[in-house]
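Q: Sharing a structure, written as structure tokens. Questions coming.
The values are calculated or read from the model by the stated rules, or taken from the named source; none is laboratory data. Just so it is clear, the structure is predicted and the values come from calculations on it, not from any experiment. As a convention, Cβ positions derive from the backbone with ideal geometry for all residues, glycine included, and neighbour counts pool all protein chains shown. Surface accessibility is based on the protein's heavy atoms, side chains included, excluding ligands, DNA and RNA. Shrake-Rupley method; radii C 1.70, N 1.55, O 1.52, S 1.80 Å.
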Amino acid sequence: MTLNDVSNVLGFIGGLGMFLYGMKLLSGGLQKAAGERMKSLLNAVTNKRIKGIAVGAAVTAIIQSSGATTVMVVGFVNAGILSLLQSVGVIMGANIGTTVTAWIVALDSLGSAAAAFKPSFYAPLMIGVGAALVMFCKKHKKQTMGEIIISVGLLFAGLTAMSASMEPYMKSQTVQDIFLTLGNNPMLGILIGVVVTGVMQSSSASVGVLQALARYGVVSAGTAVFICLGADIGSCFTAILSSAGASRNARRAAVINLLFNLIGVAIWGTLVFIFFKIFPAAQAYTMSGVTIAVFHTGFKVANTMLFYPFANKLVKLSELIIRDKKQPAPPVDEQRDNSMLLDDRILNTPSLAIQAVSNYIVKLGKICTENIKRSLDAVMYCRMENVSVVLDTEKHIDDHVANLSDFLVKLSNDGLTDRQSRQVKNLMYTVIDLERIGDHAENIAELAQKLEKDGLKFSEMGVRDLEDMRAAVEGSLESAILSRESGNLDMVRRTFRFEDDVDAYEEEIRDKHIDRLASQECESETGVIFLNLLTNLERVSDHAVNIAGYVKDEA
């Protein structure tokens, strides 16, 4: 091997590195630029599969990676944002959207007469302009735009470097024999596509490299078709790996993606193989970057049309592969809801990660509300069987709080817009308030234990007074959680009105209770517990107002 050969190898590695890093940077920059639009796209997903396909294609076109989209889908199914059936349409659309990258790369396949119109011609300028925006602009939006411009420049600079390093070898008989072998051996071509895509973790990257090789007229239709088909199977590995340790439905979503591509490759690959046997000239046809992009897109669209009527069958097949464990159904226990899961799969899309956290917090808020109700039943009506449930639930609330806090810290470390940073901060504060509400439920349950231990109970008059204040506290808390769930400012105002009622009740009831103590209508030991209960209730309402206030701040 000569020094020139070593230089070409290093040039290819460097070009590949620029190409892959450019794709990664482009994906991240576009996700930041998309912001809340990503959330709006997800909200458009309904049981109408065609909408799911459109959303999957749009999201993948934005982030330039079907693997990333599918990993997000796994995360959303895991977090209960998407149902398994809804995920099918998004997965189908993601497989179509990933072909956008091939068309971007195909722009560089213009003839030499149109060299001035090739993106690679302007790649150095794009890198320079993008770097200037990142380094010298203070506004977040301009810095994000700079990242996008740099990424496009790196992508095409990488393609140029790879092509230049490969050019001396492309016309050699050895290289031509290799591609001829791949074209005549479909299984080998598919295997190469699977392995290369599995290593690169991106079918867009492997197809892009194939398009770069096609510039030299060495890639036949037989080679390109089967490598592309293999790339589609290899693209499933990222989602499969990411589903490890997730819920059954999340693993099923990854399996659906694999089945969609694997069965599709088997069917269409067989048909193409038969076609090539009937028309050998078609197999030998020399592919360009553009024709590779055409085939790649055509295959994805045709595969989606094939499977569109059979989405339910894909779901059932995934359920056969990932079976439910045969065991007695556990009692309803909402604090162990499997949909209340968060993982790093969705951190790459901050707007959607924020939505997932918000959904989780709403569920946790409802758990805290129910725990407050249980504790009040225990202390007001001597329902002591509730105490152990309250204390057990409080432990689970603490676990959820720790999970949410860790996730929000990770989310805050990513590149966020100013609005997203404010949302993350408010969500963190909301988690803290919910933890405090959980602590108050525990405190109230312990007051119930104290009453039972000392053989005490509240007077009928005291219980009647508490019922009015309790209704206002529960109303305040429920309205606050609804405001977080819907973003409805009417719910925020309702929370504030309940808080005013709670403060009025607290003052009135405290005065009446002190009068009863003075007239010895109730025991002093009971009186201390009663006043502690009033304090806990008033503070629960304060935390509810805090939660509603954060929603108002985000409006």
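Q: Has the stretch 510-523 got at least one residue that is within 22 Å of Val390 (Cβ to Cβ), of a type in the set (A, V, I, L, M, F, W, C) and part of a helix (DSSP H, G or I)?
A: First, pick out the residues of the stretch 510-523 that are within 22 Å of Val390 (Cβ to Cβ): none.
Looking for residues that are within 22 Å of Val390 (Cβ to Cβ), of a type in the set (A, V, I, L, M, F, W, C) and part of a helix (DSSP H, G or I), one finds none in the stretch 510-523, hence no.
Q: Wholly within the stretch 236-310, which helices (runs of 4 or more DSSP H) include no fewer than the required count, namely at least 3 residues that are basic (Lys, Arg) and farther than 13 Å from Met92 by Cβ?
A: Numbers: elements: 237-242, 248-278, 280-284, 289-307.
Where helices (runs of 4 or more DSSP H) fall fully within the stretch 236-310 and carry at least 3 residues being basic (Lys, Arg) and farther than 13 Å from Met92 by Cβ, they are 248-278.
Q: Follow-up question, since we're still on this one. Got a sec? Which of Ile346, Ile361, Ile367 is β-branched (Val, Ile, Thr), modelled with pLDDT under 90 and open to solvent by less than 80 Å² (accessible area, probe 1.4 Å)? Before the answer, list the steps.
A: Values: Ile361 fails: modelled with pLDDT under 90; Ile367 fails: modelled with pLDDT under 90.
One residue alone meets the criteria, Ile346.
Q: When the stretch 481-490 is examined, which residues are found to be part of a helix (DSSP H, G or I) and without any contact (Cβ under 8 Å) to a residue 60 or more places away in the chain? Can you show your working first?
A: Taking the stretch 481-490 as the starting set, the residues that turn out to be part of a helix (DSSP H, G or I) are 481-486, 489-490.
Of everything in the stretch 481-490, those that are part of a helix (DSSP H, G or I) and without any contact (Cβ under 8 Å) to a residue 60 or more places away in the chain turn out to be Leu482, Ser486, Asp490.
Q: A further question on this structure: Assess whether Val551 counts as being of a type outside the set (D, E, K, R) and under 22 Å from Lys425 (Cβ atoms).
A: On the way: of a type outside the set (D, E, K, R): yes; under 22 Å from Lys425 (Cβ atoms): yes.
Yes, satisfied.
Q: Let me ask something additional. Of all residues in the stretch 97-120, how many are modelled with pLDDT of 70 or more and surrounded by fewer than 23 Cβ atoms within 10 Å (Cβ to Cβ)? Let's see the steps before the verdict.
A: So the first thing to find is which residues in the stretch 97-120 are modelled with pLDDT of 70 or more, and the list is 97-107.
Right, trim to surrounded by fewer than 23 Cβ atoms within 10 Å (Cβ to Cβ) and you get 100, 103-104, 106-107.
Within the stretch 97-120, residues that are modelled with pLDDT of 70 or more and surrounded by fewer than 23 Cβ atoms within 10 Å (Cβ to Cβ) number 5.
Q: Is at least one residue of the stretch 305-321 within 29 Å of Val209 (Cα to Cα) and in contact (Cβ under 8 Å) with a residue 12 or more places away in the chain? Lay out the reasoning, then the answer.
A: Within the stretch 305-321, the subset within 29 Å of Val209 (Cα to Cα) is 305-307.
Filter again for in contact (Cβ under 8 Å) with a residue 12 or more places away in the chain, leaving 306-307.
Within the stretch 305-321, one or more residues are within 29 Å of Val209 (Cα to Cα) and in contact (Cβ under 8 Å) with a residue 12 or more places away in the chain.
Q: Output yes when any residue across the stretch 448-467 is among the β-branched types (Val, Ile, Thr), surrounded by fewer than 20 Cβ atoms within 10 Å (Cβ to Cβ), modelled with pLDDT under 90 and not in a helix (DSSP H, G or I), and no when none is. If you could, list the steps in order and put the result at the bottom.
A: As a first pass, look at the stretch 448-467 and keep what is among the β-branched types (Val, Ile, Thr): 463.
Imposing the further condition that a residue be surrounded by fewer than 20 Cβ atoms within 10 Å (Cβ to Cβ) reduces the set to 463.
Narrowing the set further to residues that are modelled with pLDDT under 90 leaves 463.
Checking which are not in a helix (DSSP H, G or I) leaves us with none.
No, there is no match, as no residue in the stretch 448-467 is among the β-branched types (Val, Ile, Thr), surrounded by fewer than 20 Cβ atoms within 10 Å (Cβ to Cβ), modelled with pLDDT under 90 and not in a helix (DSSP H, G or I).
Q: Of the residues that sit in the stretch 481-496 and are surrounded by fewer than 22 Cβ atoms within 10 Å (Cβ to Cβ) and under 28 Å from the mean Cα position of the chain (by Cα), which one is nearest to Val357 (Cα to Cα)?
A: Filtering the stretch 481-496 for residues surrounded by fewer than 22 Cβ atoms within 10 Å (Cβ to Cβ) gives 482, 485-491, 493-494, 496.
In the following step, the residues that additionally are under 28 Å from the mean Cα position of the chain (by Cα) were identified as 482, 485-489, 491.
On the way: Leu482: 15, Glu485: 11, Ser486: 14, Gly487: 14, Asn488: 18, Leu489: 20, Met491: 20 Å.
Per the stated criteria, the residue is Glu485.
Q: Looking at the stretch 384-398, which of the residues that are open to solvent by 30 Å² or more (accessible area, probe 1.4 Å), of a type outside the set (Lys, Arg) and under 28 Å from the mean Cα position of the chain (by Cα) is nearest to Val540 (Cα to Cα)?
A: Asp398
Q: Does at least one position in the stretch 420-435 carry a residue that is under 22 Å from Asn371 (Cβ atoms), open to solvent by less than 30 Å² (accessible area, probe 1.4 Å) and assigned to a loop (DSSP other than H, G, I, E, B)?
A: Our first condition is that a residue be under 22 Å from Asn371 (Cβ atoms); within the stretch 420-435, this holds for 427-435.
Narrowing further to those that are open to solvent by less than 30 Å² (accessible area, probe 1.4 Å): 427, 430-431, 433-434.
With assigned to a loop (DSSP other than H, G, I, E, B) added as a condition, the list becomes none.
No, the stretch 420-435 has no match at all.
Q: Which one is modelled with the highest pLDDT, of the residues in the stretch 144-182 that are closer than 30 Å to Ala131 by Cα and over 33 Å from the mean Cα position of the chain (by Cα)? Before the answer, list the steps.
A: First pass over the stretch 144-182, keeping only residues closer than 30 Å to Ala131 by Cα: 144-167.
Those still in the list that are over 33 Å from the mean Cα position of the chain (by Cα) too: 160-167.
Numbers: Thr160: 73, Ala161: 77, Met162: 69, Ser163: 64, Ala164: 71, Ser165: 74, Met166: 67, Glu167: 63.
Per the criteria, the residue is Ala161.
Q: For residues that are of a type outside the set (Phe, Trp, Tyr) and open to solvent by less than 60 Å² (accessible area, probe 1.4 Å), scanning just the stretch 399-411, find the one that is nearest to Leu537 (Cα to Cα). Even if it seems obvious, please write down each step before you answer.
A: Going through the stretch 399-411, the residues of a type outside the set (Phe, Trp, Tyr) turn out to be 399-406, 408-411.
Next, only the ones that are open to solvent by less than 60 Å² (accessible area, probe 1.4 Å) stay: 400-405, 408, 411.
Details: His400: 23, Val401: 21, Ala402: 24, Asn403: 26, Leu404: 25, Ser405: 25, Leu408: 28, Leu411: 33 Å.
Selected residue: Val401.
Q: Taking the conditions exactly as written (under 40 Å from the mean Cα position of the chain (by Cα), in contact (Cβ under 8 Å) with a residue 24 or more places away in the chain and open to solvent by less than 60 Å² (accessible area, probe 1.4 Å)), does Glu538 satisfy them or not? If you could, list the steps in order and put the result at the bottom.
A: Values: under 40 Å from the mean Cα position of the chain (by Cα): yes; in contact (Cβ under 8 Å) with a residue 24 or more places away in the chain: yes; open to solvent by less than 60 Å² (accessible area, probe 1.4 Å): yes.
Answer is yes for this residue.
Q: Have a look at Glu474, Glu478, Glu499, Glu525 and point out the one that is in contact (Cβ under 8 Å) with a residue 24 or more places away in the chain, under 17 Å from Leu434 (Cα atoms) and open to solvent by 40 Å² or more (accessible area, probe 1.4 Å).
A: Glu478
Q: Turning to a different aspect of this structure: Of all residues in the stretch 249-283 being in contact (Cβ under 8 Å) with a residue 40 or more places away in the chain and open to solvent by 70 Å² or more (accessible area, probe 1.4 Å), which is nearest to the chain's Cα centre (by Cα)?
A: Arg251
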